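No value in this document is a laboratory result; all are computed from the given coordinates. Keep in mind that what you see is a predicted model, and the values were worked out from it rather than measured. Cβ coordinates were reconstructed from backbone atoms using ideal geometry, including for glycine residues, and neighbour counts include every protein chain displayed.
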């Protein structure tokens, strides 16, 4: 099913408003009750909308204690939230898990307000476990009057001898401690005052302890909700092997709700609100507000609707957003998102819900996405994805985001959005869209690039006006979201390379929606040269056997990030090309100096069963009846026959040596139609294979490519791997795009204009 969108007229020009991408929503995979679901949920849909961000603050470098054994803890600064003190001072606060709490004003200059780590040393620990350290800080809504704020931190060593609020788990690895601080002067920019312990829990592993602690900013003074503190307590890393998250006699895997100024809780250090869903129930912890959670990472309230949303990090498959209401049970560890979870399952899969599922009373997400293991990785491996819950935008500065719930994949730095009006319990889950990211000067980028690291550790923050900020631990920076922008290349661009974005390891950053970074084979950084007002890619034949310069990505088991070309109905391959050598290149496999290869490799998407040569969609120069021609060559079914559409014009007129030319090839696997374009204009041509080589006549409808992930992308040769070449291209290339749609002639013209 497609949702047509239109380009803004400002992008299209007065004479053309081109139709944007069809948004494909993949159905949830079907499995028998005893079979794991291999692809549980659709991937987030690329959006034509992007956010504009401006750097706001740089935080000082900090070090974990003790020195960590997990390299993921070595960050520039482990900043993980931004909020605003509710006193009208416009001071914002930012915690660093390594023990610091900073204040920051409009100038973006951090000021150390409180050193939690120093206060609780040497028991304070931030170097063991991703959530260890001073994890969060929040200010009481009456801070201006009572000077009270609250922190959570972790302790070990002698700290483990301290009595816990509840019976301690045997062999606790660390304690999570909630502390109340009372400032002598609430207006001061450096804390001076007293503190007391509110709650202490023992956790048996080094993960999934306390996460966020916070007050509801929508609560009115005098209401029962005003001044109550919510505490997100993880399952301690044991939910996959125990029933702790379902056990209402323990606090693990729960969202707790307490009155920090009350005294009817254990030890009299806090109160249990009378309107809590289990308050007064015998044998149940009255602090529990909701249960059945693995790692409740971030929660927030929509300031317009007062609904509470929580981002929940899954085990191996599902990242979820829940609307939270009193007494909810999210099902962990019997459920992972809207699926059955089986403890001890060697496949680490999820399973269909039983027919009588309603009797269990579980609450399911209002939005979710999956994270299947990458190609070649074990099923139970960590795929490197984790949701960080965000906020429904209700600010004034960025009207294009109003009403959208924005959140991140904290690991890889992708930014997502859903429409809050679509996040409704009991209804189909809301569509998730991945937003493009732009700098203030209009350059498209990614947070991996902005943070300078593959692991971004990205989270949202919000000020009192509802404006949004993004924080990265990788480099300790904060960016403010200042606007929106239409993505000039659209959400249909699965992969896009402009060769202005190098990545460590001789890679080129993919600016498309798939994140499929491109390997620059043999030449590395030297393959980027100045041209066209920036940098372009150089490919060429080299004298050795396996050292030709080319580019690509390859996996024999399929490249998961290119899943958009799995069971695809349409494809477009396009880009700018300049021939620099005498082509076709000399054949290095024969002694005859006049013998030349019969093809020139340009760019293409491989088939699912490809050894690196066979293609699903290819733009190339090949021999047709003894004469080189520019062609679009496609294969609908892996291993089956291909069809070729060849241009009538002499290929040297289409690609004259020394001149930049924009070429595009489109493939419609349902109708069997192919097309070629030069500088945005269609090229006349002919099909080389008579009949119906793609077998598109008859059922089923529509005709799609094989349901296999492509083995990769190849550019400038026969193979993306570092193997002997048969189609070397002595060329320069730029703005290479691989789209999951066959663009219409006006759309090809527009893409040509936008990249010219």
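Structure above, values below:
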item: Contour minus Cα-Cα distance for residue 275 and residue 89 (0.36 nm per residue); result: 63.7 nm
item: Set of region 716-756 residues, backbone N closer than 12 Å to the point 7 Å along the Cα-Cβ line of residue 439; result: none
item: Length added when fully stretched, residue 463-residue 171, from 0.36 nm per residue minus Cα-Cα; result: 101.1 nm
item: Value of [θ]222 nm, deg cm²/dmol, for the chain, DSSP H segments ≥ 4, -39500 (n - 2.57) each, nearest 500; result: -1000 deg cm²/dmol
item: Relative contact order of the chain, defined on C-alpha pairs under 8 angstrom at six or more residues apart (%); result: 11 percent
item: Net lengthening on full extension, residue 454/residue 589 (0.36 nm per residue, minus Cα-Cα); result: 44.6 nm
item: Region 427-469: relative contact order in percent, alpha carbon pairs under 8 Å with at least 6 residues between; result: 18 percent
item: Surface/4 of the Cα convex hull for region 645-746, nm²; result: 8.4 nm²
item: For region 310-418: rounded, prolate or oblate by the Cα gyration tensor [a/c cutoff 1.5]; result: oblate
item: Pairwise FRET efficiency - residue 146 versus residue 379, Cβ, R0 = 41 Å, nearest 0.05; result: 0.20
item: Two-site label geometry, residue 397 and residue 756: point separation in nm, points 7 Å out along Cα→Cβ; result: 3.7 nm
item: Separation of the residue 686 and residue 220 label points, Cα + 7 Å toward Cβ, nm; result: 8.0 nm
item: Prolate/oblate/rounded label for region 529-671 (Cα gyration tensor, a/c 1.5); result: rounded
item: Förster radius 22 Å - calculated FRET efficiency between residue 284 and residue 194, Cβ distance, rounded to 0.05; result: 0.05
item: Rounded tilt (10° steps) of 745-755 against the dominant C-alpha axis of the chain; result: 70 degrees
item: Estimated inter-spin distance, residue 707 and residue 529, nm [label 7 Å along Cα→Cβ]; result: 4.6 nm
item: Relative contact order of region 72-170, pairs being alpha-carbon contacts under 8 Å that are 6 or more residues apart, as %; result: 22 percent
